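So the structure is just underneath, and the comments pick up after that.
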Amino acid sequence: YPEAAWRTFGDLDIVVRGDHLDDARRRLVETFEAGDPLPEVRPGFDAEFAKDVMLRIDRTEIDLHRTVAPGPFGMRIPTDELFDSPTEFTLAGTSLRTLSATATFVQVCYNAALGDVPPRLMSLRDVAQVQHHHQLAVDDIVKLADRWGGTAVVASAVSQAWDTLALEQCELSEWANAYEPSWLDTKLLAASVSQQRSYTRALASVAAIKGPAAKVRYLRSVLSPSAEYLEARNWTRGSHVRRAIDRLKPRR
């Protein structure tokens, strides 16, 4: 954005590699006395499957991100690519790194299409603003989105941004409007934005997890969380199951 104040935010997002997630969380707790309020579903779950881990330092929320989206589309992302070709910027005299320009665009598309329902106007504006600023080639966007398994997500975000904000059509929006997602991607996208998405996208994630052993670990954690996880939320094992069944019932 031309002026930083145009883009409001409520937390700080830091992307870390999955195998560094537990160490990063521990260092924030030990060094800055960060609050780490909720136990993970089962030991090791966050480093392998979670989108992020939330901590607080005083009134500041810090999200340690393993990937950039919840559910099946976040699971598909080859997370090592988040660290490829980083862009450097300076904040208060300190040099920091962020995602590459193309990865930034795809990430804001994920945030717009897979976040709030309906999408926040601010999130849709991010899609238009990042493309306006970087003037990215459509081929580069599509190639990255394909590698991340999220072409349907990007197309959905672009179409919604251009339609909602009444923007002039361009090569990118024309590609998005013409794109036809596969049957599977249509179902995964629907699960990711349904009214019961906290549960439907958890189930849909199984389709994106590679390897039978990893699928079993994920399902075991989701279906049978640790006692510490349940206690922190004032749930019993029975209420956890009943809550899931109720949320997954078809709605009229």
message: Pairs needed: first member in segment 33-52, under 15 Å from TYR229 (Cβ atoms); second member anywhere, part of a loop (DSSP other than H, G, I, E, B) and of a type in the set (Ser, Thr, Tyr); C-beta distance under 6 Å; at least 6 residues apart or different chains.
response: ARG42/SER226
- request: Name the single residue, out of those in segment 5-31 being under 18 Å from LEU99 (Cα atoms) and free of Cβ contacts under 8 Å to residues at least 12 places away in the same chain, that is nearest to the chain's Cα centre (by Cα).
  value: PHE9
Test: GLY18 is touching a Ser or Thr at 6+ places or on another chain (Cβ under 7 Å) and either open to solvent by less than 60 Å² (accessible area, probe 1.4 Å) or at pLDDT below 95 (or both): yes
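So if I check each of ALA166, ALA178, ALA161, ALA155, which one is small (Gly, Ala, Ser) and within 23 Å of GLU81 (Cα to Cα)? Can you show your working first?
On the way: ALA166 fails: within 23 Å of GLU81 (Cα to Cα); ALA178 fails: within 23 Å of GLU81 (Cα to Cα); ALA161 fails: within 23 Å of GLU81 (Cα to Cα).
The conditions single out ALA155.
Only one of TRP148, TRP162 is in contact with a helix residue (DSSP H, G or I) (Cβ under 9 Å, 6 or more places away or on another chain), over 19 Å from SER192 (Cα atoms) and either open to solvent by 30 Å² or more (accessible area, probe 1.4 Å) or at pLDDT 95 or above (or both). Can you tell me which?
Numbers: TRP148 fails: over 19 Å from SER192 (Cα atoms).
When all the criteria are applied, what remains is TRP162.
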- line: The lone condition ARG59 fails out of (1) charged (D, E, K, R); (2) closer than 16 Å to ILE14 by Cα; (3) open to solvent by 40 Å² or more (accessible area, probe 1.4 Å) is (2)
query: Considering segment 175-203 alone, what residues qualify as being small (Gly, Ala, Ser) and in a loop (DSSP other than H, G, I, E, B)?
result: SER182, SER194
task: Run VAL108 past the list (1) surrounded by 19 or more Cβ atoms within 10 Å (Cβ to Cβ); (2) free of Cβ contacts under 8 Å to residues at least 40 places away in the same chain and report the number of the one that doesn't hold.
output: (2)
field: Cβ-Cβ under 7 Å pairs, at least 6 apart or on other chains, segment 179-200 side closer than 18 Å to PRO119 by Cβ and open to solvent by less than 60 Å² (accessible area, probe 1.4 Å), far side part of a helix (DSSP H, G or I) and of a type in the set (S, T, N, Q)
entry: LEU189/SER156; ALA191/THR200; SER194/THR200
statement: A careful count of residues in segment 111-145 that are modelled with pLDDT of 95 or more, among the β-branched types (Val, Ile, Thr) and open to solvent by 20 Å² or more (accessible area, probe 1.4 Å) gives 2
- line: For segment 205-221 the number of residues that are open to solvent by 40 Å² or more (accessible area, probe 1.4 Å) and either over 23 Å from TRP148 (Cβ atoms) or over 20 Å from the mean Cα position of the chain (by Cα) (or both) is 6
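The values are calculated or read from the model by the stated rules, or taken from the named source; none is laboratory data. From a predicted model like this one, the values you see are computed outputs, not experimental measurements. Please note: Cβ atoms are built from the backbone with ideal geometry, for glycine as well, and neighbour counts cover all protein chains shown. In case anyone asks, the SASA skips ligands and DNA or RNA and just uses the protein heavy atoms, side chains included. Shrake-Rupley method; radii C 1.70, N 1.55, O 1.52, S 1.80 Å.
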